[in-house]
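The values are calculated or read from the model by the stated rules, or taken from the named source; none is laboratory data. Since the structure is predicted, the reported quantities are computational estimates derived from the model, not experimental observations. FYI the Cβ positions are ideal-geometry reconstructions off the backbone, even for glycines, and counts take in every protein chain you see. Ligands, DNA and RNA are stripped out before the accessible areas are found, and what is left, the full protein with its side chains, is counted by its heavy atoms. Shrake-Rupley method; radii C 1.70, N 1.55, O 1.52, S 1.80 Å.
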Amino acid sequence: MADRSAAIAGLGMTDLGKVYGRTAAQFAGDAVRLAVADAGLELGDVDGLLTSAGVSGGVGLALQRDLGLRDLRLLSEMQSYGSTAGQMVQYASLAIGAGMAETVACVFADAPLRQDTSTGAAYGARGAVGWRGLLGAAGIRDTNSMYALAAQRHMDTYGTTNDQLGHIAVGQRAWAELNPRAQMRTPMTLEDYHASRWIVEPFHLLDCCLVSNGGIAVVVTSAERAASLARPPVHVLGWGQAHPGHAQRRHEDFGLVSGAARSGPAALAMAGLTVSDVDVVELYDCYTFTVVITLEDYGFCPKGEGGRFVADGTLGPDGKLKVNTGGGQLSSSYMWGMTPLSEAVLQARGEAGRRQVPEHDVVLVSGNGGVLDHHSTLVLSPHGPAGRSSS
Amino acid sequence: MTVGPVRRDEATAAFFDGTARGELLLFRCPAGHFSPPYSQQCDTCASVDLTAVAASGGASVVSRSVAHRRGGHRDILVVAELDEGPWWWSKVIDVEPEQVVAGARLTVVVERADEESEAVPVFRLA
Ligand SMILES: [Zn+2]
């Protein structure tokens, strides 16, 4: 039987951060062109396109025409918030496995930052109408507040502390210092973390992700085709999704358990691996707390131990577990699920420069959207399914 | 200002008629389960035979946070469990942050930004 497994063959990243003068659609076009060129392909080789827009919108089906892509066999806009990037790779892999498409570009781009407005305003504006307006009128105006309520419940239940959350921010900043693309590269101490202003307790400024303009794309193709292309293939060995559908009522585990608890084990099982096989972990880190709950739910430590786990010399370039090696959304840039995915591709290829993790056979990637409502997981490797079993 | 302004739409018209009377409306199904007021069906048994009823107003803190606003103002935010079971996300007014801990007892009251705005359910310490 022909091997119809999929691999990531191209990665394209525009300048990221405070980059002005281009729309989200232009960033998306740039990212796809870069990813296709990175793979050693031409735009005409692309027969599938999946798009994902951020808060500024403007990235969608029109990208086909912007890129002059003709006779596509797969084209759709996708939206599961921060879990979308991982999902795009999953649907691309399924389409390739089914023979529906051969080479699928997956792109996210956003341009929420304007030169004349604050970063808070970029994500804060909402009309006060209906149910959403009611929430804002009652003071719950943004995602920061909702994740803060999730995090505080974890802290109250398991004894997780701000000091422990601070270790995540500090560890990831140390990685970002080694990443020339990172927006924040000045060293950070635990004192700096505690001194940063409160946004919504228990979150300081340094618990929260950045706001960034830019675009990132990957090209997914068959492992067979990827083997003959320009870059080392990054094989897609396993994947999963989980959407808990929490009710708003008594006994719900909001803030305590996320979709990662189902998605992670499913992805690893598909790859025939366990969490102890993972060499590099690239987690969606919209807040420091998201790292804690995802590490627990993936099984790197017992439930409720995430805070103590991350404060115990686990994180950072010298840590026991290699987590968010590019600095993540906290210190590198916020491209939703493309931030962990792009770093995972670089690590799996062995192209992460000064921050390259020597052992990178298995790279685990998470995506998280809504308020812990949507989760996606990918298991990536420089080795194909067959090569891995013989190694 | 204790709460911000908010306008009704089709989905929230009946709910805001309730808050105008000082009530936080929930839905109750024939089996007696309570669901949040934005539900299409009972979130316990999926019944679509829902009747709007006023919550008793008693609640307990599930989680809390303190939002720091420009100018030094702070909002105490909570996820609260209404005594009927559904959760309600809002703020606690006339309180110090230290008083709002997990399990603390609350009472629903309504506040309004101005004459034009709908009334918004918030909490006080019970
Ligand atoms: Zn019912």
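For Cα pairs less than 8 Å apart in space and 6+ apart in sequence, what is the mean separation divided by the residue count of chain A, i.e. the relative contact order in percent?
Reported as a whole number, the value is 25 percent.
Probe radius 1.4 Å, ligands and nucleic acids ignored: give me the carbon and sulfur share of the accessible area of segment B:10-125 as a rounded percent.
Here it works out to 45 percent.
If you roll a 1.4 Å probe over chain A with all protein chains in place, what percent of the accessible area is carbon or sulfur?
Answer for chain A is 51 percent, counting heavy atoms of protein chains only.
Counting only heavy atoms of the protein chains, get the accessible area per residue of chain B (1.4 Å probe) and round it to a whole Å² value.
47
Please give the solvent-accessible surface of residue A:18 in Å², to the nearest 10, using a probe radius of 1.4 Å with every protein chain present.
Surface accessible to solvent at residue A:18 totals approximately 140 Å².
Counting residues in chain A as N, plug N into 2.2 N^0.38 Å and put the Cα Rg over that result.
0.93
As I understand it, the dipole of segment A:1-67 uses +1 on the Cβ of Lys and Arg and -1 on the Cβ of Asp and Glu, about the Cα centre. Which of A:48, A:31, A:16 lies farthest toward its positive end?
My answer, from the dipole projection, is A:16.
Per residue of B:25-38, count partner chain C-beta atoms within 10 Å of its C-beta, then hand back the mean as an integer.
If you average over the peptide's residues, the count of other-chain Cβ atoms is 1.
Roughly how many Å² is the accessible area per residue of chain A, as a whole number, for a 1.4 Å probe?
So chain A comes to 37 Å² accessible per residue, rounded to a whole number.
What number, rounded to the nearest 500 deg cm²/dmol, is the helix-based mean residue ellipticity at 222 nm of chain A, given -39500 (n - 2.57) per DSSP H run of at least four residues and division by all its residues?
-10000 deg cm²/dmol
Count neighbours as other Cβ atoms within 10 Å of each site's Cβ, and list the GluC sites (Glu not before Pro) in segment A:29-136 that are DSSP loop with at most 12 such neighbours.
Sparse-neighbourhood loop GluC sites (Glu not before Pro): A:42.
Only Lys, Arg, Asp and Glu count, each charged at its Cβ (+1, +1, -1, -1), so figure out the dipole size of the protein assembly as shown about its Cα centre, rounded to 20 debye.
Dipole about the Cα centre, nearest 20: 420 debye.
To the nearest 100 Å², how much accessible surface do chains A and B cover up together, summed over both, with a 1.4 Å probe?
In total, this chain pair buries about 3100 Å².
Show me the helices of chain A, taken as full DSSP H stretches, that run 18 Å or more along their long axis by Cα and average 0.0 or above in Kyte-Doolittle hydropathy.
Helices meeting the criterion: A:24-38, A:84-97.
Taking H placed 1.01 Å from N in the peptide plane, check which residues at least 5 places from residue A:278 or on another chain put their amide H under 5 Å from its amide H.
Sorted by chain and number, the residues that satisfy this come to none at all.
Report the Cα centroid-to-centroid distance between segment A:10-38 and segment A:318-391 in angstrom, as an integer.
Value for the Cα centre distance between the two parts: 20 Å.
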